[in-house]
Each structure stands twice: as C-alpha cells, then as structure tokens.
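Computed from the coordinates by the stated procedures, all read-outs in this text should not be read as laboratory data. Not measured: the values here are computed from a predicted model. Neighbour counts are summed over all protein chains in view; Cβ atoms, including those assigned to glycine, are modelled from backbone coordinates with ideal geometry.
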C-alpha cells in the first residue's frame, strides 16, 4: 500500500475501530455514499483485524531494501521495528561495533515518502533533543549518517506502554492518574523552558515504565521558538505531520503555534485519562468531521461522559464513581485547557500543573470562579479534621479512655508474644544443657523439643505460636530439612488463616518462607500459587513494612525467574531494590537484588553482562559489609559458574575455592551452601582432568541432596548428569548413559527446558563418540529447538549444538554437514568471540571436515589452531585436538605418514603427562595414533571408524 493511501485510511480506521458494531456500520454506509472504494478498503482492513491475525503489527508500507532486521545502520544493528510515524521509523537496535553494549531506539527516515522537508525536520529533531536533559524525556544518545547516506538518531530505549493503555490495564485511581499526568507536564514544561513546542502530544508518545515513571518521546515535528523556520505542517492537503485527534484548533487552521498549542493537546490527553474516551464522539469519523469538531464543537464534561455508563456492571459502577470524583474542579481544569481560543486556555503548562496540584491538595483551583461559598467549602474540606476536632473534644475525651484500654490490651499481647519468643530460645539452650559435656549437641533433636513446647505452652496464643513455627521452619530449611520446614510452614498458614486480623508482617513473612522452601524443592508453580495472592497486601504495605515487603518481592521474583518469566521477575526485583535503597538503606539487600538482576542476564544468555554485574555486586558487598559476609558465598559461586561458561577455568577454580572456603568457615561442612560449592568446584576439576576427586565429591553431594530433596528433584538430576560425565571421561559408556537418562527424565518431568537441552546434548555427544550417530541426531535436533526457544537463534550455545550436528551429519555421510559446520562457526564466533573454546572447537571441526576431503588450506588452518598459546585448559585441549586432526589427515597420505606418526606419538606422551587420569580426549588421540600405526588411516575419509570419530566436546558436568 502506498504512503498517501495509508495516510488517508489510517485515521479513519482508528476512529472506526473505537466504535461499536452498530455505529461502525452506520459510518461505513455514510462513507460508501461519498467514496465506495474508500469504504470497501476500510471494511477489508476491519475484517483482517477481527480475524485475529495481528496484521497491524507489521507496517503496511514497504520498507526500503536493506532496512530490515539484522541490517546495520552506522554502528548499530537493527533487531525489530518498534513503530512508524509520519516522517520516520523507529527500530530497536543494539550497538554492534564492539565499543560497548547498549540497546537503543534508532530513528530513521521512513522510506517511500518524497517529501523534501523530511531531512530538514530530522535535523531539527536532533537539534531539539540535544537541548533536552530531563528524567521524563527520552534522551538523545547518538546521531549520525549511515553508509548509505541515511541520517539516524539513537535515542534512549524506553520499555513501557502508552499512558492510556497503562491506565486501562491497571485501573488506577484518579489521584494516581493525575500524578502521572503531572510528570508529563514536568517534561513538557522543561521543553518549553528550552523554547521548544512539541506539537504532537498524544498517548503513544507518552510511555509509562515498569517503575511507574513517565517518558516523553518523539520530538519529530517539534518547533524551536527561538529559530525562524518555514512551516512544515499540512492540514487538508499533502502529508499531515501532527496527529489530528490531538491537534489544537490553530494547527487545523495552519496558524502559528505557541506553547498553548501543547496545553490544548495535554488537555485532550488528560480528558482521555479521566474519561477513557476522546473529547469528541462523531457518527461519521472522517478527517473533515474531526476538523469541524475541533474547530466548532464544545466537548462534553468528562464527568458527564463517565456518568452515562449503564447500570449493572461492576466496571461501569467504577466509572460512575470516578465521574463523581472528577466532577467540578477537574471538569473545569480539562475544559479550560481545551478552550478553542489560545488566550482562554492556561497561559502555560506550569499554570495547568499548578491547578492540578491545587486540586490534589484540596485548594481552590483557578479554572473555577472564586466565589465565597466555593472558597469556604474548599477550606472546610481541607481543614475538616481540625474543625471536626474543635466540635468533638468531648467525644474525643470519652473515646480516649477506650483507646487507652485497647492500647493496654495490645501492650499485654505484645509483651506475651515477646515473652514467648524469649522462653522458646531459653528453653532450647536449657535442653542443650542436659547433654553430657563430652557429647555433641543434636540440633534437630533440639528443634523437635522446641516444636513440642510451642504446641503445649502456646496453645492459647495463636499469633505467638505462628511466629515461632516460622522461626523453627527457617532453622529447618537452613539445615536442609526442606520437607520438615514445609510441614511447619503449612501449619503456620493454617493458624494465620484462622486469625481474625493477623499481622500483615506475619502474613508476608510466612508467604516468603513457604515460597522459598517450595522453590528449593522444585515446586515452582506451588511457590507462585502460594505467594501471588499476597501481592495486594505487599503493595499496600510498602511504606509501612518495607523490610518484609522487599523480602517478599525478592522471593516471588526468584520463583518467576525459575519459571523463566524473566519480565515478571525483573519488575519484582526492581521494586524490592527500590525499597532497599530507600527507605531501608540495606546494603546487603541491595547487593542481593543486584545479583538477582545479573542472574536474569545469565538466564537470557548474556553471560558477559551477567559477569560484569555480579562482580560489581561483590565489590559493593565487600566495600560495605566486609569480606566475610554470607552473601559473598552465593556471589562467588555465581562468578565461578559464569567464568566456567566463558571457558575461564583458572578464574572459575579460584572463585569456587574461595566460595567453598568461606562456606566451610561460616556455614559448616554439611550446610547446603557448602554442598553446592563443593559440587561446583568438582565440576571445574572435571574440566581439569581430576576425575577421581570429582567423582567422590559428586557422589557425596548426590547422597546429601537425595536425602533432603527427594530422588526426582531438578538439582538431583544435575548430580546424575555430573556423575555421567565423569563415567564417560573414565571410559564407562553404559554407566554414563544410564545416569544421563535419569537426569533427562527428571528435567523433562519438571519442564526444565534449558537443563533438558544440555542433558540431550550430552546424551548425543556420548552416542556420537560411540558411533551411534543415528540415535544421536534426533536428540540434538530437540536440544537445538529448546536452545533456540530459550536464547534465540543467534546465541553461541545454538552454534555449539550445530557444531555437533555437523559432526554427526559428517559421520552419517550427509552433504549438509559442511553448511551446518560453517553456520556453527559463524554463530559461536559472533556470540563468544574468537578466543572462546566453543569457537575454537567449531573452527577445528570445520577445518578437519575440509582437510579430510583434500582441502590443503584447511590443513594449514588446523596447523595454525594447533599452535595457539595454551594459557587456558579448554583452549589447550582445543590445540591438542587440532594437532591430532592435522596429523590424522596427513597420515592418510603415504608420503607424510611417518611425519604424522611422530607427531601423534609425541602428542600422546604430552597429553598423558598433562592428564594422568586419562579422559575422552586422550583416548581419542591414542585411537588416532593406533589407527595411523596400523595403516587404517589410508582408507577414504567417508569410511572412518568409530574410534576415529570426533569425541564429545565440553560436556556440562554441573
């Protein structure tokens, strides 16, 4: 569809979609009398929208060749289109030149419009944005001209939704709607202060972020008041640059615009926020009808529009209540802003904002005549408590006696609860004193005795009993007794539900504790199901109880993160972080939430950013709380995992060792934090070839977790996976496949998609190494689909999976192997960079495939990869493999066989010295050496034996 046609259809389509079916049919019939083709086009578009195919999500105007997802504009790579306006397109893009990482909203000139003023307007927008620096205005980050001579603007990318959509989805009260609108006024006032008129204020240019902050966008047609310029607006002919529904009368008439033009547009937005509709309701919503309404019709009061809602529906009742709330002052404020003549409106945005602030404070507003009765009424309402107190002193004095008596009862109850807590703790130590001096104290027996005392001594104090059950449950969870903790917490919930008015702090603490235990047991749905109903209580209690509310938000966020609901988790973490910064100023809690947010980047596949933010969180913790804070254990373990994922084995061993040492010191040998650190360090030992040591650790931690979590927990499956990798490295294929099958079954049962993808990949690697490529290929295809769904099609893990698929296809004699291996090399290099082990393995597999098919350049590449500096264990292994494959390729040529044998023999000795416990890689190199000695390597490449197959690469052991 051409641009001119779409410009005619677009406003009519918007208006028709807002009408009910009867009014829409009537409007279409009227339009058909004037322009049958226009009516037919609109009817077809409405039918497409009703079909649910989301056809309006894609632009109807074709894009310029090269402007598409994946294209590069300046230093930015386009990801997807965010929107399209009268003069430009806005794309989500990321910095692609490697200087730094950032996502931006990239604005480009829209192709297909031959307007000679577009570049001038684009330049003017850049000039305008450069003047603006305000927290509620999207900032200009960069600007330039692409290689194809197209100008671009890189703006702050704002994650949010239009202000009207935000209000429609959440149904906030009138006070909150006005509060949001005042943020808009601040942004517009800042622009006016800098002599800039926006000229296109509308809800789609006003976004509300997840933190309930407003951002003002799109200064594409803004006007500089201190710069003379030719008018670029068109009204009845040509391409209209402003949005008709929000245009002021002087814009329609083509008259000069001022700051009061923006005041009118703000009035339309405020009307829509309050009344859920636009000021004018037309039977035939054509451009001409809209222009006539803006110029000549008086809008209905917002309160009257809301009061016309029919009876019966609860939502309609809420609208009528809102209408009563805004009747009077807010009606007058909106109508003053919508005055047809500029001089009758508010003289500035600041005046409009001041009147709204006066309404919030209960003061007289300037939009209403200042009669004596009006001012007295406002004064009475504003000081109603003081005036009421003066007339009710006697009642207050009488009531004070009742209040004192009630407070006395409350004090007695609080004292009883405190005394119960004190007696419980003293009782535990008294019980410990009964143990002989030479015997060890059994903590679990002490807690058993404490539970019996709670039930017997606090039978008539349900609140104190519920609180103490929560304390014992947290102690049980700290010992790893998750089943016992869950039972206690469910008893606590039953007690709280039976109370008439349980303390909010107790309800939130109970929900957080139960959610944590359920998450640790792998019951993610149960965690969310138990915690989500308490969200309204948490939101109401944020300022009164910031400590339990922040803990609640953090725990619920972790449950959502475990279910891979990344966006929900991020919102909860940010809410918790906001409370911990102000008013709590809780440094440890702030670090905890920063680590949670870093974990979301890791879950999304952005390992580099996750590493940077986790290191920053650890540095903040050490500077604020010292080196020995318990939270440092988790941060060091996270760093170890991310460093191992990045093939930095040296750093991973260092951080895992520090985490284990700190856990032993602070938590003890059998605490779950210590067990997790031991398991992680054992995984690093597998990478280093220390298999016996790693297997002993894995089997010990498996026994500990099975006893506390049960045999079908996702973390138990991780231990089975780790034990399987060790068995494979030590040459026991049957045992390895057996443990891997158990792990995959558990992950499939719990729908742990990322872990399932890794387990399937490991199974396929083992089968490929055993020559069972027909069984390996479907497992790899399932793993590839899961990783693409989790991380996207361009992630490095997708490339590594394609690398193994290419090796399997080569072993099966399929011609598709070459293309698959090339794609694997491109993806791993693009995501991980040139020095990552996954990238090296992909390059080696591709070079070997080509070398075995007679490509001398590929053999040269293998030689170069074999000479890489062995500064890191995984890269050193890659170098050994490249050297072995180069010798194997030469061994197939009689003239080079002796040289190849010598190279392989020296390599076997070197690898045996470096990995005395053996492993899959030494076995493969030894097999290539034996094959070359026997002369089997002189056979064609397609007839390679199972011993000569590429062994599995970098199986994940934990």
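Along Cα→Cβ, 7 Å out, is where each label goes; now give me the distance between the ones at residue 793 and residue 176 in nm to one decimal.
4.0 nm
Ranking 566, 725 by Cβ neighbours within 10 Å, fewest first, what do you get? Please list the in-between numbers first.
On the way: 566 15, 725 28.
Result, fewest neighbours first: 566, 725.
Please compute the length gained on full extension between residue 650 and residue 295, using 0.36 nm multiplied by the number of residues separating them and subtracting their Cα-Cα distance. The partial results should precede the final answer.
Numbers: separation 355, 0.36 × 355 = 127.80 nm, distance 7.33 nm.
Using 0.36 nm per residue and subtracting the Cα-Cα distance, I get 120.5 nm.
May I ask you to derive the FRET efficiency for residue 812 and residue 304 from their Cβ-Cβ distance with R0 = 56 Å, giving the value to the nearest 0.05? Spell out each step's value before the answer.
Working: r = 75 Å, r/R0 = 1.34.
The pair residue 812/residue 304 has a calculated efficiency of 0.15.
Between residue 567 and residue 898, how high is the FRET efficiency from 1/(1 + (r/R0)^6) when r is the Cβ-Cβ distance and R₀ = 45 Å? Nearest 0.05. The partial results should precede the final answer.
Details: r = 62 Å, r/R0 = 1.39.
According to the calculation, E is roughly 0.10.
List the residues of region 272-298 whose backbone N lies under 12 Å from a point placed 7 Å from the Cα of residue 26 along the Cα-to-Cβ direction.
Residues passing the 12 Å test: 282-285.
As an exercise, use a Förster radius of 30 Å and the Cβ-Cβ distance of residue 277 and residue 535 to find the FRET efficiency, rounded to the nearest 0.05. Provide the component values of the computation, followed by the final result.
Working: r = 30 Å, r/R0 = 1.00.
E between residue 277 and residue 535, to the nearest 0.05, is 0.50.
Got a sec? How would 925, 145 order by Cβ neighbour count within 10 Å, fewest to most? Provide the component values of the computation, followed by the final result.
On the way: 925 24, 145 11.
Starting with the residue having the fewest Cβ neighbours, the order is 145, 925.
Taking the beta-carbon count within 10 Å as an exposure proxy, list 334, 197 from fewest neighbours to most. The partial results should precede the final answer.
On the way: 334 28, 197 23.
Exposure proxy ranking, most exposed first: 197, 334.
If you project the alpha carbons of region 161-360 onto their three principal axes, what span does each projection cover, largest first, in Å?
55, 39, 30
Label residue 343 and residue 501 with points 7 Å out from Cα along Cα→Cβ: what is the distance between them in nm?
So the two model labels end up 6.0 nm from each other.
Once you have the Cα-Cα distance between residue 148 and residue 443, take 0.36 nm times their residue separation minus that, and quote the gain in nm to one decimal. Let's see the in-between values first.
On the way: separation 295, 0.36 × 295 = 106.20 nm, distance 7.27 nm.
Residue separation times 0.36 nm, minus the Cα-Cα distance, leaves 98.9 nm.
Can you give the percent of C-alpha pairs in region 693-751 whose distance is more than 20 Å? Don't jump to the answer; show the numbers that get you there.
Values: 337 of 1711 pairs.
So the portion of pairs separated by more than 20 Å is 20 percent.
Using 0.36 nm times the number of residues separating residue 360 and residue 665, minus their current alpha carbon distance, what extension gain do you get? Can you show the working numbers first?
Details: separation 305, 0.36 × 305 = 109.80 nm, distance 5.60 nm.
Separation in residues times 0.36 nm, less the Cα-Cα distance, equals 104.2 nm.
Would you calculate the separation in nanometres between label points at residue 615 and residue 494, each defined as 7 Å from the Cα along the Cα-to-beta-carbon direction?
Label-label distance for residue 615 and residue 494, simple model: 5.2 nm.
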